[in-house]
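Working notes, beginning with the structure itself.
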2 protein chains.
Amino acid sequence: GFQQSQMAQWNRSGYFRSSGSRDVNPDLEAERQTASFSVERLTAILDGEAVIHSEPGFSRENQYFQSQNERYEAAVRRSVYLKEKMHQMGWTEDGPEIKYCYRALGGDLAFNVHRVFKNSILALGTDEQIAKWIPLADKYHIIGTYAQTELGHGTFLRGLETTAIFDISTQEFTLNTPKISAMKWWPGDLGRSATHAVVFAQLYIKGKCYGLHAFILQIRSLHDHSPAPGVIVGDIGPKMNFEHIDNGYLMLQNINIPRENMLSRFSQVLPDGTYVKRGSDKINYLTMIVTRVHMLWTEVIPMLLKACTIATRYSVVRRQSKLNPGDPEAKILDYQTQQQKLLPLLATAYAFHFMNAYVNEFYNKGYTEIKQENFDSLPELHALTAGIKAIITEHCTAGAEVCLRACGGHGYSALSGLPLLYTKLAASCTYEGENTVLFLQTARFLVKCLAAVHSGQPIPPSAAYLSSVDSGKCQARTKMDFLKPDIYAEAYRHRATRLLGNAATKLQGLVQSGAEQHEAWNQCTVQLVQAAKAHCHYIVVKNFIDTVEKLRNEAEIQKIVKHLCDLFALHGIFSNMGDFLHAGYISGDQMDMVTASYLDLLAVIRNDAVPLVDAFDFTDESLNSALGSYDGHVYQRLYEWAQKSPTNKQVSQAYARYLKPLFQSALSKL
Amino acid sequence: GFQQSQMAQWNRSGYFRSSGSRDVNPDLEAERQTASFSVERLTAILDGEAVIHSEPGFSRENQYFQSQNERYEAAVRRSVYLKEKMHQMGWTEDGPEIKYCYRALGGDLAFNVHRVFKNSILALGTDEQIAKWIPLADKYHIIGTYAQTELGHGTFLRGLETTAIFDISTQEFTLNTPKISAMKWWPGDLGRSATHAVVFAQLYIKGKCYGLHAFILQIRSLHDHSPAPGVIVGDIGPKMNFEHIDNGYLMLQNINIPRENMLSRFSQVLPDGTYVKRGSDKINYLTMIVTRVHMLWTEVIPMLLKACTIATRYSVVRRQSKLNPGDPEAKILDYQTQQQKLLPLLATAYAFHFMNAYVNEFYNKGYTEIKQENFDSLPELHALTAGIKAIITEHCTAGAEVCLRACGGHGYSALSGLPLLYTKLAASCTYEGENTVLFLQTARFLVKCLAAVHSGQPIPPSAAYLSSVDSGKCQARTKMDFLKPDIYAEAYRHRATRLLGNAATKLQGLVQSGAEQHEAWNQCTVQLVQAAKAHCHYIVVKNFIDTVEKLRNEAEIQKIVKHLCDLFALHGIFSNMGDFLHAGYISGDQMDMVTASYLDLLAVIRNDAVPLVDAFDFTDESLNSALGSYDGHVYQRLYEWAQKSPTNKQVSQAYARYLKPLFQSALSKL
């Protein structure tokens, strides 16, 4: 028919080099000829994707056309398949293969909160509790959820209203949802899947409240999946994205569970009702710390890498307008404004990838100590992971939005893959800790550190820089000086120290002039958030510099990574000029040098942009993007994929019902 | 059953003051007792919603649970109903009632591009063409689309590849889609609805190309809606939001249309093939100008107003954590960080609402002149509407995202209404002109204006400020001085002038040192975009100041609007500190005063926040939000609405297929 002949004619017109074998788009191929470094070597350093290529069990084909119900079922299917695969291949939990799978499947799996359920038992459970529940959970013989958040309370854990009352006579806890705002609301895997839940509730013994504790209870029958007696459970309905996740609600009425179902590693109720506590009040944060660290590398950071890959590849295939009147249309990545959108993000993607290694090392050390009942590092671990989770999710979300918008109209097509990435990332700014609240937790820690500096107490390592001597003014004299890590690291350090110092001074001043401590704190929070962000930003820059340093035996790779580090740092100064100019640490003239060096770097990174995203080594299946595939045949793929849309198959009743009678009135006139 | 008894018990527990009649949540009611002004008076000034209350024909009930197909049908239904209603009530096109309807229905209508189709005929068509097509289009006897964008070209109109070849022997144009990238792609109402299209194509006469022209052609049968011969048409598939819109693709093979189907007000092909032109090359921009002006008041600005209403009301109902240890939990709007998120947006909503009046006045004057073939104001009208469209969509999008995130987890629930508002606004940054491209068009105009200043030529009114004498340094001495409109207007003016001057100087320097004009321009575009944004920002601030001035006979209203104007202006300085500090126009000490005044204003506006959003006068039906209703019963409504979700009715096969066998393995162990 016409359609086929038209396509054949178009193929001859040169958009495809051959209509049979799918060659790479020549514009994209040209970019790969000029890499200034070995892409494979960089991929190896980055620990890229390698295992999951075309496993049909993981297929996400037609994902963008699926209903909520289909997406949920597909996620369950993939997760169960992954479990079988693990068993069959002998992969370990959290081993490298699983890491690859998470990275590749980009969170399109079910049972993410089941993992949190397990982690909470591993963190808060006794050895007996671990031995009982973990093997069942590991095999998916039960599916658990982590029921902490309630309809009325998210960030303020102490305000949770679910109750667990201990009855000495029966040796049982009775759990209740005393009011509508106490309903558990949001937990993933709860709406349809879970058989069990770790439920956080206020513990009461003999009428006295002992605060929040975690309890394991069964919520659905293992026979037929019906809700357990006294349990009302359901799905909270549609969200922005996350159709594959069954976020749920849970109401409890007089649910009795045995004494041994309270997670008791750090606190315990004895048969006579005696309450025994080991460790810190903050121990309930431990599961959240684990979860925050985990989400960064399984979901958040890989999603920014994917968005960069899609937008960068598209930007060398898409040609639009002319740079010079006589030339062919230019690749959009040759426009400075497009470079400014995408290339700093590429640098950010590398910065966060490297930051992740730092956080994991920090976390592993701390977690081991805490499990051994040494709680010294808990405050720093909590403050660091809170701030880093916040800054990374913040920048990844903003970054994915920039990538989406940088692809013009086609970015808004679901087929680009970008709407899915963006909307997932947006939620990560709130789940597992709302970012403003997290920054304020980091700020609280920093204010304490600053007080310790002033009173000569020891300072935790991540804030040790607060005790360095102030260096006065920035020493740069030329724009080249701003490519020296010492120069920009010092600028970031100065900014972090100054913003924290100013906020702390304001706080102290308010208290000294008679304000209540809490009110004074509230009046400083806008500035405290700024200080916490500056602190986290400094840590990320510092870690990037250290990473470049460590690549000293890989000269070729080190050179390009150093460019990325420079770009990340200078873009941060350029984008937050006021912070650096305010106290005159950087002068207006120096800021012009920063701007010049920053804009120069865009042109440098531009040349390696495609190899730099190729090095992330995502497969086409994993990107699932009509714009971002390795071969760059974006228009062909958009058209082919659109054909499959149900909107081209369903017959809409709108025509017959509403339009046909109207159109027939025009027949006599046209 | 249990569920009913539980609800009754919760009602007794005090969340609802009465379980029968739905009283207003007392926290929300308290906010309304303290308004410092008459809400009704402000509503009247704002021209709020008044007509559409509970028209069942416009119902958006269960919208959040609808499939793509259902949403499309509902949008068609509402549009056809609205047309009937208009006829029945005698409402005029673009009259106040229709304005209310658009505002209330928030774009959940079909045939938005049908309106562009009509506007393009009205703008570019001869009187005969208007007389033939407009009555049919007005009655929906035909549905048209505006087929400009192609798969391969959006912003670069000259690059469009569809061809229209004039054949003198037949007196017809033959239209073709010569390659895949030339396929029309994205036009709304094209995928399923349209019978006709205004198609933009390169006009060829006797082998010579005369550039882009607009042609009317029929694409589907008026009998049975099947594609016309030689036409391939379909839907482009899922997008981020806009399920109700059938964006489509269109391929043409040898479609012949009569000579009179070229829109010929400004250019014409005579029977002998002579090409006659009246007016500017830029005349094709006219439809885009009309559309940009229209989209701001029908969709973009009302969506920010809605997002502010939802987030503000929720923020006085939601209580979380404690400001003082002994107190009840605080309303989240009492936290400074929450105020900083929402209150500047509220000020922005007012700023843009008032800006809209300015743009419309400007536009009406220009449009009338152009239709009378006086094209003098076209460049300024184009530059102003481009920049204002860009700055307004940019801020509204960012604002809706802030509102969404400021509602914590519940903001991500579709039931909050915020995901729909956010994703719609995000697209507005790209459709009808990609914002970066638009800012650069404004910048190009400004660079010309600056050259005119230097050569003593006359300056168009919107850029006249460029010729004022520079005032040196900011004259403020106290934080109170920053509440003087003269002081902050001058700061914005200085910033706009400086950024433009710097970019122009750099541009000139590059050209003088031998760079090609186009390459030099490209190297300045990051800074030119900044300059254009600063220009638009100044215009919005200046217009806000003028609006306050005009309210001099409404002292009570003027006072609160003045606070909003101050907040808008100071928030802009606070958020773009670097621009004002860079050249020392504002010193570090003065910036501390700005910060102090800005933070003080948050507390002032906080007290009137709820009345200020009430004044927008959106009905609950129009907001369609579980979080934002007038009565503030957010938890109850979230729970009730979630019950209706199909996820609580569909039986998923995931359980039987994948999970049941696994769970039964646990039976023996638990």
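The values are calculated or read from the model by the stated rules, or taken from the named source; none is laboratory data. Computed from a predicted model, the values in this text were never measured in an experiment. Positions of Cβ are backbone-derived with ideal geometry, glycine not excepted, and every protein chain shown enters the neighbour counts. The protein model used for the area step is the full one, side chains on, heavy atoms only, and it has no ligands, DNA or RNA in it. Shrake-Rupley method; radii C 1.70, N 1.55, O 1.52, S 1.80 Å.
Observations
- Charge dipole (the protein assembly as shown, unit charges on Cβ, about Cα centre) - positive-most of B:Leu500, A:Cys308, B:Gly588: A:Cys308
- The loop-placed GluC sites (Glu not before Pro) in segment A:474-519, going by DSSP, that have at most 14 neighbouring Cβ atoms within 10 Å of their Cβ come out as A:Glu516.
- Residue mean of other protein chain beta carbons inside 10 Å, B:569-582: 4
- Cross-link reach list, lysines versus B:Lys322, counting only Cα pairs under 22 Å and skipping chain neighbours closer than eight places: A:Lys179, A:Lys184, A:Lys208, A:Lys282, A:Lys448, A:Lys506, B:Lys331, B:Lys341
- Whole-Hz couplings from phi, Karplus 6.51/-1.76/1.60, listed for segment A:222-230; x for Gly and Pro: 7, 7, 10, 6, 6, x, 5, x, x
- Segment B:384-496 - convex hull of alpha carbons, volume per residue in Å³: 133 Å³
- Counting only protein heavy atoms and a probe of 1.4 Å, the accessible surface of chain B is 52% carbon and sulfur.
- Separation in nanometres of the label points that stand 7 Å from Cα toward Cβ, at A:Asp224 and A:Asn360: 4.6 nm
- Taking all protein chains into account, the per residue accessible area for the protein assembly as shown stands at 35 Å² (1.4 Å probe).
- A straight chain from B:Glu640 to B:Glu93 at 0.36 nm per residue would run longer than the Cα-Cα distance by 193.1 nm.
- In Hz, Karplus ³J(HN,Hα) per residue of segment A:260-272 (6.51, -1.76, 1.60; θ = phi - 60°; x = Gly, Pro): 6, 8, 8, 5, 10, 5, 10, 7, 8, 10, 7, x, 7
- Taking 24 Å as the straight-line reach from the Cα of B:Lys99, the lysines in range (excluding those fewer than 8 positions away in the same chain) are B:Lys83, B:Lys85, B:Lys118, B:Lys139, B:Lys306, B:Lys365, B:Lys371, B:Lys389, B:Lys424, B:Lys550.
- Given +1 at the Cβ of Lys and Arg, -1 at the Cβ of Asp and Glu and no other charges, the dipole of the protein assembly as shown around its Cα centre is 580 debye to the nearest 20.
- Residue among A:Asn112, A:Tyr335, A:Ala390 farthest towards the positive dipole end of chain A, charges placed on Cβ: A:Tyr335
- Estimated FRET transfer efficiency (A:Asn62, B:Ala656; beta-carbon r; R0 25 Å; 0.05): 0.65
- Amide hydrogen neighbours beyond the local backbone of A:Gly125, cut-off 5 Å, H modeled: A:Arg265
- Summarising the label geometry, the points placed 7 Å from Cα in the beta-carbon direction at B:Lys208 and A:Asp272 lie 10.8 nm from one another.
- Computed on protein heavy atoms with a 1.4 Å probe, the accessible areas place A:Glu394, A:Glu61 in the order A:Glu61, A:Glu394, largest first.
- Mean Cβ count within 10 Å, highest first, over the residues of peptides B:401-407, B:494-500: B:401-407, B:494-500
- Distance (nanometres) between label positions extended 7 Å along Cα→Cβ at A:Glu519 and B:Ser321: 1.9 nm
- Measuring r between the beta carbons of B:Ser467 and B:Ile134 and using R0 = 56 Å, the FRET efficiency lands at 0.85.
- Shielding value for A:517-529 is 4, the average number of Cβ atoms from other chains within 10 Å of each residue's Cβ.
- Taking only the C-alpha atoms of the protein assembly as shown, the Rg (one decimal) and the largest Cα-Cα distance, Dmax (whole number), read 31.1, 106 Å.
- Members of segment B:215-255 that become less accessible by 40 Å² or more once partner protein chains are added (1.4 angstrom probe, chain alone as reference): B:Leu222, B:His223, B:His225, B:Ile232, B:Asp235, B:Pro238, B:Met240, B:Tyr249, B:Met251, B:Gln253
- Overall Cα dimensions of segment B:521-642 - principal axes, largest extent first, Å: 55, 42, 27
- Peptide B:624-636 - average C-beta neighbours from other chains (10 Å radius): 1
- Gyration tensor verdict on chain B (Cα atoms; rounded if a/c is under 1.5, prolate if a/b is larger than b/c, oblate otherwise): oblate
- Estimated purely from DSSP H runs of n ≥ 4, each contributing -39500 (n - 2.57), the mean residue ellipticity at 222 nm for the protein assembly as shown is -17000 deg cm²/dmol once divided by its residues.
- Chain pair A, B: total accessible area buried, heavy atoms, 1.4 Å probe, Å²: 12200 Å²
- Working note: Cα atoms of segment A:298-374, range along each principal axis, descending, whole Å: 72, 17, 11.
- Placing +1 on the Cβ of every Lys and Arg and -1 on the Cβ of every Asp and Glu, with no other charges, gives chain A a dipole of roughly 1120 debye about its Cα centre.
- Placing +1 on each Lys and Arg Cβ and -1 on each Asp and Glu Cβ, with no other charges, gives segment B:469-536 a dipole about its Cα centre of roughly 380 debye.
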